[in-house]
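All remarks here apply to the structure that follows.
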Amino acid sequence: MASSSSPSPYDARVKPPLTLLLAAPRGFCAGVDRAIRIVELALEKYGHPIYVRHEIVHNRFVVERLESLGAVFIDELEQAPEGAHVVFSAHGVPKSVPAEAQRRQMHYLDATCPLVSKVHAEAERHFKDGATILLIGHAGHPEVVGTMGQLPEGAILLIEDVEDAETIQPTGGLLAYITQTTLSVDDTAEIIAVLKRRFPQLGGPAKEDICYATTNRQEAVKAIVSDVDTLLVIGAANSSNSMRLVEVAKKFGATTSALIRSVADIDWSTLEGVKTVGLSAGASAPEFLVNEVIEGFRERFDVILREITVTTEKVAFKLPRVLAE
């Protein structure tokens with residue numbers, strides 16, 4: 001006798017319909033591509049081990065793949081032997097790091113994203129002009145640590161939010177601001193507006209410091225968020241640009257928005273009855289993780305896949321000359 005119970009919503013024979021909206025651009029940016037390629041080429045050129053100071057980019061899957069090729073990830077240079085080959089991560093490092101590498105006769109390659117290096121150069125220029133520098137960013141993030149480490153202690157003051165912008169009391173006449181490259185575009189604009197109100201002569205970058213990839217991924221999320229029931233962002237909890245995508249989704253109307261490292265993190269029970277899901281990925285998340293999530297949905301739903309593209313990225317950065325030869 002046939003069972004009278006209704007089929008599970010995830011029964012393989014009865015897949016409920018679901019529209020999956022893919023945000024584009026998403027995933028790897030040019031700076032991440034370059035950093036990963038630097039490690040790969042260093043391994044090819046010099047053999048293993050190649051020591052990498054900090055995660056080359058904030059994604060465990062990327063790190064584990066490079067480890068399998070012979071990369072050794074360390075927190076500080078003292079964990080590598082003198083004379084070793086070392087790569088600095090894409091987030092940038094304080095000036096003390098390459099100085100220590102030289103002292104210990106290490107062969108180092110700097111994988112700092114060129115757009116982070118641009119911020120470092122701006123800080124140097126403002127400092128030479130005699131300005132006190134206000135850095136908008138998140139305390140403790142490697143990029144912020146690296147940027148503040150370009151100049152003597154006290155030359156850069158950190159501002160994390162609007163409250164900081166309202167209360168900070170810099171001394172001296174000239175003031176200029178710089179920003180972390182992976183911030184929320186809208187939140188940063190609010191902070192800058194407060195600073196310019198309080199300090200009308202405030203100097204700033206000729207072109208904003210938040211990088212093209214961060215901006216594009218946030219715009220792509222905004223383009224789909226009003227059309228989805230929930231939005232998933234693939235990325236790591238220590239990835240600033242990934243966390244900002246989750247926040248942007250919530251700020252611009254997503255009922256729910258969650259960060260996942262991979263398809264294994266999805267709680268499918270929370271998606272019962274959902275009709276439309278948005279999907280994006282932070283700038284350090286590889287595309288294979290996106291494909292695995294899509295396949296996970298296809299196993300459980302009758303998926304209509306639509307990619308919503310707000311712009312096409314064509315940015316590429318040159319490799320260090322020693323690896324490009």
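A short reminder: the numbers here are calculations on the coordinates, not readings from a lab. Being a predicted model, the structure only gives us computed values, none of them experimental. Cβ coordinates were reconstructed from backbone atoms using ideal geometry, including for glycine residues, and neighbour counts include every protein chain displayed.
Calculated FRET efficiency, Thr171 and Glu219, Cβ-Cβ r, R0 30 Å, to nearest 0.05? E between Thr171 and Glu219, to the nearest 0.05, is 0.20.
Note on Thr309 and Ala237: their simple-model spin labels are 3.6 nm apart, each label 7 Å out from Cα toward Cβ.
Across q = 0.11 Å⁻¹, segment 74-154 modelled as identical point scatterers on its alpha-carbon atoms has Debye log10 I(q)/I(0) values of -0.31, in the order of the q list.
In terms of its Cα atoms, segment 253-325 spans 55, 26, 23 Å along the principal axes, sorted from long to short. Within the straight-line cut-off of under 20 Å between alpha carbons, the aspartates and glutamates reachable from Lys196 are Glu122, Asp129, Glu160, Asp161, Glu163, Asp164, Glu166, Asp186, Asp187, Glu208, Asp209, sequence neighbours fewer than 8 places apart in one chain being disregarded.
Three semi-axes describe the equivalent ellipsoid of segment 179-238; taken as square roots of 5 times the Cα gyration tensor eigenvalues and ordered largest first, they are 28, 13, 10 Å. As a rough guide to protection, the peptides 139-150, 29-40, 199-210, 307-318 ranked by mean Cβ packing within 10 Å, highest first, stand as 29-40, 139-150, 199-210, 307-318. Using 0.36 nm per residue and subtracting the Cα-Cα separation, the extra length available between Val185 and Gln105 on full extension is 24.7 nm.
Expressed as cubic angstrom per residue, what is the convex hull volume of the alpha carbon set of segment 30-113?
76 Å³
For Leu135, the residues 5 or more places off, or on other chains, whose built amide H falls under 5 Å of its own are Leu157, Leu158, Ile159, Ile178. In this Cβ point-charge picture (+1 for Lys and Arg, -1 for Asp and Glu), segment 30-113 has a dipole of about 200 debye about its Cα centre. In the chain, the calculated helix contribution to ellipticity at 222 nm averages -11500 deg cm²/dmol per residue, counting -39,500 (n - 2.57) for every DSSP H run with n ≥ 4.
Mind checking the dipole of the chain: about its Cα centre, +1 per Lys or Arg Cβ, -1 per Asp or Glu Cβ, Debye to the nearest 20?
In total the dipole reaches around 700 debye.
Summing charges over neighbours of Glu325, with a neighbour being any other residue whose Cβ is under 15 Å away from its Cβ, gives +3 when K and R count +1 and D and E count -1.
Every Cα-Cα pair in segment 115-210 was counted, and those over 24 Å apart are 9% of them. Entry note, the chain: relative contact order of 26 percent, from Cα contacts under 8 Å with a spacing of 6+ residues. Once the chain from Glu78 to Arg37 is taken as fully extended at 0.36 nm per residue, the excess over their C-alpha distance is 12.3 nm. Evaluated at q = 0.14 Å⁻¹, a Debye calculation over the C-alpha positions of segment 18-159 (equal weights, vacuum) places log10 I(q)/I(0) at -0.71. Under the simplified labelling scheme, the Ala193-Phe317 pair shows an inter-label distance of 3.1 nm, with each label point 7 Å from Cα along Cα→Cβ.
Seen from Phe61, the other residues with C-beta closer than 14 Å to its C-beta sum to a net charge of -3, counting Lys and Arg as +1 and Asp and Glu as -1. Checking the a/c ratio against 1.5 first, then a/b against b/c, what shape does the Cα gyration tensor give for the chain? Since a/c reaches 1.5 but b/c is at least a/b, the shape of the chain is classed as oblate.
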